[in-house]
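*Asks:* Handing you a structure now.
Just so you know, all these numbers are worked out from the coordinates, no wet-lab data involved. Computed from a predicted structure; not experimentally measured. Here the Cβ positions follow ideal geometry from the backbone for every residue, glycine too, while neighbour counts run over all protein chains shown.
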Amino acid sequence: MRVVSQLPARADLVVVGGGIVGAATAFFASRAGLRVLIVERLPRPAAFTTAVAAGGYRLQLEHADELGLVRRTVELLERFADETGQTVHTPGLLRQGYLWLATAEETAATQRELVDRQRAFGVDGVELLDGEQARREFPWLDPSVLQARFRAADGLIDPRPIAMGLIEGAGCEVALGCEVAGLKTDSGRVQGVRTSWGDVACGGVVVACGPLSGLFAAQAGVRLPVEALRRQRVAIWNMAGLPPGAPMTIDEETTVHWRPVGDRAAYLLYPDPTERPAPPATRVDGDPEFAFGLLDPASPRWIGRTAPFWSEVWERNSAVWSVQAGQYTMTPDQRPLLGETEVGGLFVNTGYSGHGVMAGPGGSELLVEVITGDRTDNPFRLDREFTTSTQAF
């Protein structure tokens, strides 16, 4: 990583934000022949929202719009060393699958309809398992599971090493601990950026700073249709009974889900529908009570409702856990914002609505093609007509 102690006088493209989306933008832009500078306010890259992501990828999507972006990301991750030209960082790709569980017939019917849609999207390998089939394959499931949908080719990844590998592969300059204060414009077009280290002349700027993207764009008089929404996870270590090689497992009725992290650790997640949008924050605190809502068998959101081995974690009370939090950057239709704003040369790469890790690299390649003029069709442009969309996560 080419960390600089002073800014260059000029760059072709300044990327604001060093998370996985900013890293991917820098990678594809550098590969397109642009001189890129990443400006990151924190002392290390990928240390804000990327660091608390769930770390999964799936083609089992509810809508087809992002499918091409996720497919491209998966292709990149499968060929990570070849595409990035580096071997220092690996994506930690584990094809352990995504397993969605239904305990009510209504939910099972919805699963069947969704699987038909996914197959119509061109997604292969999605299986529908009845309860007995699911328990044969995953013996730790509760008898109440009526049906499951499963795709073995979906799986788990490590977001931070992916971001670092993309930065390493980009070979671009990176300014860490540097705050961007605003833009320099002339006649409605970007001429440079103002930072806490001084000014940099540039022909283009990409806003890729997650939930802070709206605040930055507002400094240039651009209003982005984004809101910040807190999402929390329980990181739990030193636990017994975790099934080896378990998939990302989702209770369709509660939307509570979990994934293994190695042999004795896991992330537990729940997209709480009572969370309301909040101002973008540079510090997002987790609520310790959040863990009890998932681990306590008396809770309606008990993680063990479909996988009872979790009761041992509660009863033994010897595992170590913490609650971590970040913010999703949500758009009205829960699709990303990729493209140029009304300020010439000011581009945005944000609004992934919780899919930044699995869709961000593919979206970044699309955006760079827009920047270089190699692509004109862009379904994620800022001036599209927004329709409200809802999905669990």
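*Asks:* Select from P277, L215, G262 the residue farthest towards the positive end of the dipole of the stretch 186-282; place +1 on Cβ of Lys and Arg, -1 on Cβ of Asp and Glu, and compute about the Cα centre.
*Replies:* L215
*Asks:* Relative to the first principal axis of the alpha-carbon coordinates of the chain, what is the inclination of helix 67-78, with its axis defined by its Cα atoms, in degrees from 0 to 90 and to the nearest 10?
*Replies:* Helix 67-78 sits at roughly 90 degrees to that axis.
*Asks:* About its Cα centre, how strong a charge dipole does the stretch 239-332 have in debye, to the nearest 20, once Lys and Arg get +1 and Asp and Glu get -1 at the Cβ?
*Replies:* Here the size comes out at about 200 debye.
*Asks:* What per residue convex hull volume, in Å³, do the alpha-carbon atoms of the stretch 236-393 yield?
*Replies:* With only Cα atoms used, the stretch 236-393 gives 148 Å³ per residue.
*Asks:* What ranking do 90-97, 336-343 get when scored by the average of other Cβ atoms within 10 Å per residue, highest first?
*Replies:* Ranked by mean Cβ neighbours within 10 Å, highest first: 336-343, 90-97.
*Asks:* Take the chain, connect every pair of alpha-carbon atoms lying under 10 Å apart with a spring to form a Gaussian network, then pick out the residue of L366, L156, L129 with the largest mean-square fluctuation.
*Replies:* Taking springs between Cα atoms under 10 Å, the residue moving most is L129.
*Asks:* Give the order of V3, V74, V357 when sorted by the count of other beta carbons within 10 angstrom, beginning with the fewest.
*Replies:* V3, V74, V357
*Asks:* Here is a follow-up. What does the convex hull of the alpha-carbon atoms of the chain project to on average, in nm²?
*Replies:* Mean orientational projected area (the chain, Cα hull): 18.7 nm².
*Asks:* With N set to the number of residues, divide the alpha-carbon radius of gyration of the stretch 283-324 by 2.2 N^0.38 Å and report two decimals.
*Replies:* 1.20
*Asks:* Further question on the same structure: Given the options G198, G22, G214, state which has the largest fluctuation in a GNM of the chain using a 10 Å cut-off (strictly under) for Cα springs.
*Replies:* G198
*Asks:* Specify which residue in the list A152, W140, Q327 is farthest towards the positive end of the charge dipole of the chain, using unit charges on the beta carbon of Lys, Arg (+1) and Asp, Glu (-1), about the Cα centre.
*Replies:* The residue sitting farthest along the positive end of the dipole is Q327.
*Asks:* Still on this structure, I have one more. Going by average Cβ neighbours within 10 Å, how do the peptides 171-178, 108-115, 320-327 rank, with the highest at the top?
*Replies:* The densest-packed peptide leads the list: 171-178, 320-327, 108-115.
*Asks:* A further question on this structure: For the chain, what is the relative contact order in percent, using Cα pairs closer than 8 Å and at least 6 residues apart in sequence?
*Replies:* The normalised contact order for the chain reaches 23 percent.
*Asks:* Starting from the Kirkwood radius over alpha-carbon pairs of the stretch 112-179, derive D by Stokes-Einstein at 4 °C in a medium of 1.567 mPa s and give it in µm² s⁻¹.
*Replies:* 82 µm²/s
*Asks:* For the stretch 68-215, with the dipole built from +1 on Lys and Arg beta-carbon atoms and -1 on Asp and Glu ones, taken about the Cα centre, which of G171, F80, T107 lies farthest toward the positive end?
*Replies:* Positive-end residue among those listed: G171.
*Asks:* Kindly work out what percent of the DSSP beta bridges joining two residues of the chain are antiparallel, to the nearest 5.
*Replies:* DSSP beta bridges in the chain are roughly 65 percent antiparallel.
*Asks:* What is the set of long-range amide H partners of G339 at a cut-off below 5 Å, with H atoms built 1.01 Å from backbone N?
*Replies:* Hits under the 5 Å cutoff: V348.
*Asks:* Which value, in debye to the nearest 20, describes the size of the charge dipole of the stretch 1-113 about its Cα centre when Lys and Arg Cβ atoms bear +1, Asp and Glu Cβ atoms bear -1, and nothing else is charged?
*Replies:* 680 debye
*Asks:* Oh, and also: Using a Gaussian network model of the chain with C-alpha springs under 10 Å, which one of G362, G293, G204 is most mobile by mean-square fluctuation?
*Replies:* It is G293.
*Asks:* Helix 356-372 against the longest principal axis of the chain: what's the angle in degrees, Cα atoms only, rounded to the nearest 10?
*Replies:* Rounded to the nearest ten degrees, it is 30.
*Asks:* Fewest to most neighbouring Cβ within 10 Å: what's the order for S299, S144?
*Replies:* Starting with the residue having the fewest Cβ neighbours, the order is S144, S299.
*Asks:* Based on Cβ point charges of +1 for Lys and Arg and -1 for Asp and Glu, what charge dipole magnitude is obtained for the chain about its Cα centre, in debye rounded to the nearest 20?
*Replies:* 940 debye
*Asks:* Report the relative contact order of the stretch 126-274, percent, no decimals, based on alpha-carbon pairs under 8 angstrom and at least 6 residues apart.
*Replies:* 13 percent
*Asks:* Give me a comma-separated list of calculated 3J(HN,Hα) values for the stretch 204-214, in order, Karplus coefficients 6.51, -1.76, 1.60 applied at θ = phi - 60°, integers in Hz, x for any Gly or Pro.
*Replies:* Going residue by residue, I get x, 9, 10, 8, 9, 10, x, x, 8, 4, x Hz, with x marking Gly and Pro.
*Asks:* Roughly speaking, what is the centre-to-centre gap between the stretch 129-157 and the stretch 251-282 when only Cα atoms are used, to the nearest Å?
*Replies:* Here the two parts' Cα centres lie 20 Å apart.
*Asks:* Which whole-Hz couplings ³J(HN,Hα) result when phi for each residue of the stretch 97-105 is put into the Karplus expression 6.51 cos²θ - 1.76 cosθ + 1.60, θ = phi - 60°, listed in order with x for Gly and Pro?
*Replies:* Computed from phi, the couplings for the stretch 97-105 are x, 10, 10, 10, 10, 10, 10, 10, 4 Hz.
*Asks:* Summing Lys, Arg as +1 and Asp, Glu as -1, what charge do residues with Cβ under 11 Å from the Cβ of G97 carry, G97 excluded?
*Replies:* Surrounding charge for G97 is +2.
*Asks:* Where does the charge balance sit around V190 when Lys and Arg score +1, Asp and Glu -1, over other residues with C-beta under 11 Å from its C-beta?
*Replies:* Net local charge, V190 excluded: 0.
*Asks:* Once both axes come from the Cα atoms, what is the angle between helix 159-170 and the longest principal axis of the chain, in degrees from 0 to 90, rounded to 10?
*Replies:* 30 degrees
*Asks:* Once you list every other residue whose beta carbon is under 15 Å from the beta carbon of A64, what net charge do they have if Lys and Arg are +1 and Asp and Glu are -1?
*Replies:* For residues surrounding A64, the net value is -1.
*Asks:* Rounded to the nearest 500, what is the chain's calculated 222 nm mean residue ellipticity when only DSSP H runs of at least 4 contribute -39500 (n - 2.57) each, over all residues?
*Replies:* -8000 deg cm²/dmol
*Asks:* Alpha carbon centre of the stretch 328-393 versus the stretch 4-45: separation in Å?
*Replies:* So the two Cα centres are separated by 18 Å.
*Asks:* State the dimensionless ratio Rg/Rh of the stretch 167-231 (Rg: radius of gyration of Cα atoms; Rh: Kirkwood radius).
*Replies:* On the Cα set of the stretch 167-231, Rg over Rh gives 0.99.
*Asks:* Can you sort M164, M330 so the residue with the fewest Cβ neighbours within 10 Å comes first?
*Replies:* Placing the least packed residue first, the sequence is M330, M164.
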